[in-house]
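I have placed the structure first, in the form of structure tokens, so that the comments after it can refer back to it.
The values are calculated or read from the model by the stated rules, or taken from the named source; none is laboratory data. No experiment lies behind these values; they were computed from the predicted model shown. Counting neighbours? That spans all protein chains shown, and the Cβs are built from the backbone with ideal geometry, glycine included.
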Amino acid sequence: MKQKGLVRGPQQPLYFEDGVPAEFPTPTGKIEFYSTQLKDAGFDPVPRYTRPADGPPGTFRLLSGRAPVHTFSRTQSNPVLRDAMDENEVWVNGDVGARLGLHSGDYVRLRNQDGVVSDRVKARVTAAIRPDCVYMVHGFGHTSKGLRSTFGKGASDAQLMTRYAVDPLMGGTGINVNFVTIEQGA
Amino acid sequence: MARFGMVIDTKKCVGCMDCVVACKTENDVPDGHCRDWISQRLQGEMPDLRLTITSERCNHCDSPPCVTCCPTGASHVQDFGKVVLVDHDKCIGCKACLAACPYGARFIHPDGYADKCTFCMHRVERGQAPACVDVCPTRCMHFGDLDDPESEVSRLIATRRHFVLKPDAGTRPRIFYLE
């Protein structure tokens, strides 16, 4: 130990051992595409697509995602990363933008179904999104004035997520279940 | 004699801007400026969309308008690697090269001279790849000698479909994008 500084124990196989047939903790011992366990528990044995509920007419489903530049909401005031991306934008479908008279670079606010209004955020009118959805990158809209370089830049998606859905099968949280309207002239 | 160029695989690039951050850090690029940047081009209509992401910088053209227009000889083609560089001491900051460059690759450094990508010559002279190439998480960027038919860049250009930016500008750029 003193000489080498490092002693390696025997390496345990992480999941499966080489040469040994793999076994899974299922009734058949195999990967099950048709799960009798799920069927016994009262679920579809083969997962089936369930169309999510539509929002109120005239609203847009709020989608949220990440930019590769920033990590969660932690890096927005890093000078180099801020130079690369200093605020988020809300993506609006091109036809919707034309109907509303909205152009890329216009500032808007989003109001969700529970009356929560976002900070001002730049619109990005693009063909890259469906007409019934809007999208924004997570991590902006900081509320701390102490974060001088990023305070007041962009809007927070989390603020608008006053509702969430729970997957009845595995308990996952669905956050793209909020609906917003676009308030222009922000 | 080497003639350095770059090959960038647009199929692998995700536009993460790691190349931009690496360049700014490596070359101490002042705030608000950059020597390389990401462009995105969206084609088609929903749901048949095609997004092409390009990591762009000085193309180190074989026929560089920034060099021919320079009144002081600051903009020049270096013998080693035929790389286009700016001699900071000779540059008077007249911006003729900024106007001449069809790629918008140059900016005026706060210290008063025209600045741009050097293909990280200080690293290449040490046998390293340019900083942007080195950090790319998807390994979509390749750097090497275009005159050597056995080099990785030459083989990629010979075997893959590719394009260059603004070929009609007649500058014969040396950054090739694989599609």
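For the range B:100-117, what are the residues that are assigned to a loop (DSSP other than H, G, I, E, B) and either more than 14 Å from the chain's Cα centre (by Cα) or surrounded by 21 or more Cβ atoms within 10 Å (Cβ to Cβ) (or both)?
The answer is B:CYS101, B:ALA105, B:ARG106, B:HIS109, B:PRO110, B:ASP111, B:GLY112, B:TYR113, B:LYS116, B:CYS117.
Is it the case that some residue within the range B:73-94 is in a loop (DSSP other than H, G, I, E, B), at pLDDT 95 or above, of a type in the set (D, E, K, R) and surrounded by 16 or more Cβ atoms within 10 Å (Cβ to Cβ)?
No, every residue in the range B:73-94 fails to be in a loop (DSSP other than H, G, I, E, B), at pLDDT 95 or above, of a type in the set (D, E, K, R) and surrounded by 16 or more Cβ atoms within 10 Å (Cβ to Cβ).
Looking at the range A:111-126, which of its residues are surrounded by 15 or more Cβ atoms within 10 Å (Cβ to Cβ) and small (Gly, Ala, Ser)?
Hits for the range A:111-126 are A:SER118, A:ALA123.
Does B:ALA129 satisfy the criteria of being in a helix (DSSP H, G or I) and surrounded by fewer than 21 Cβ atoms within 10 Å (Cβ to Cβ)?
Details: in a helix (DSSP H, G or I): no; surrounded by fewer than 21 Cβ atoms within 10 Å (Cβ to Cβ): yes.
For B:ALA129, the condition - in a helix (DSSP H, G or I) and surrounded by fewer than 21 Cβ atoms within 10 Å (Cβ to Cβ) - is not met.
Would you be able to say whether some residue in the range A:51-71 is touching a helix residue (DSSP H, G or I) at 6+ places or on another chain (Cβ under 7 Å), within 14 Å of another protein chain (Cβ to nearest Cβ), surrounded by 15 or more Cβ atoms within 10 Å (Cβ to Cβ) and outside any helix (DSSP H, G or I)?
Yes, there is a match, as at least one residue in the range A:51-71 is touching a helix residue (DSSP H, G or I) at 6+ places or on another chain (Cβ under 7 Å), within 14 Å of another protein chain (Cβ to nearest Cβ), surrounded by 15 or more Cβ atoms within 10 Å (Cβ to Cβ) and outside any helix (DSSP H, G or I).
In contact (Cβ under 8 Å) with a residue 40 or more places away in the chain, surrounded by 12 or more Cβ atoms within 10 Å (Cβ to Cβ), among the charged types (D, E, K, R) and facing another protein chain (nearest Cβ under 9 Å): is that true of B:ASP18 in this structure? Walk me through it before giving the result.
On the way: in contact (Cβ under 8 Å) with a residue 40 or more places away in the chain: yes; surrounded by 12 or more Cβ atoms within 10 Å (Cβ to Cβ): yes; among the charged types (D, E, K, R): yes; facing another protein chain (nearest Cβ under 9 Å): yes.
Yes, satisfied.
For the range A:85-95, how many residues are free of Cβ contacts under 8 Å to residues at least 60 places away in the same chain and under 21 Å from the mean Cα position of the chain (by Cα)?
Summing the residues that are free of Cβ contacts under 8 Å to residues at least 60 places away in the same chain and under 21 Å from the mean Cα position of the chain (by Cα) in the range A:85-95 gives 3.
Mind listing just one residue for me: the one in the range A:126-147 that is outside any loop (DSSP other than H, G, I, E, B) and either farther than 15 Å from A:VAL177 by Cα or charged (D, E, K, R) (or both) and, of those, farthest from the other protein chains (Cβ to nearest Cβ)?
Only one residue tops the list, namely A:VAL137.
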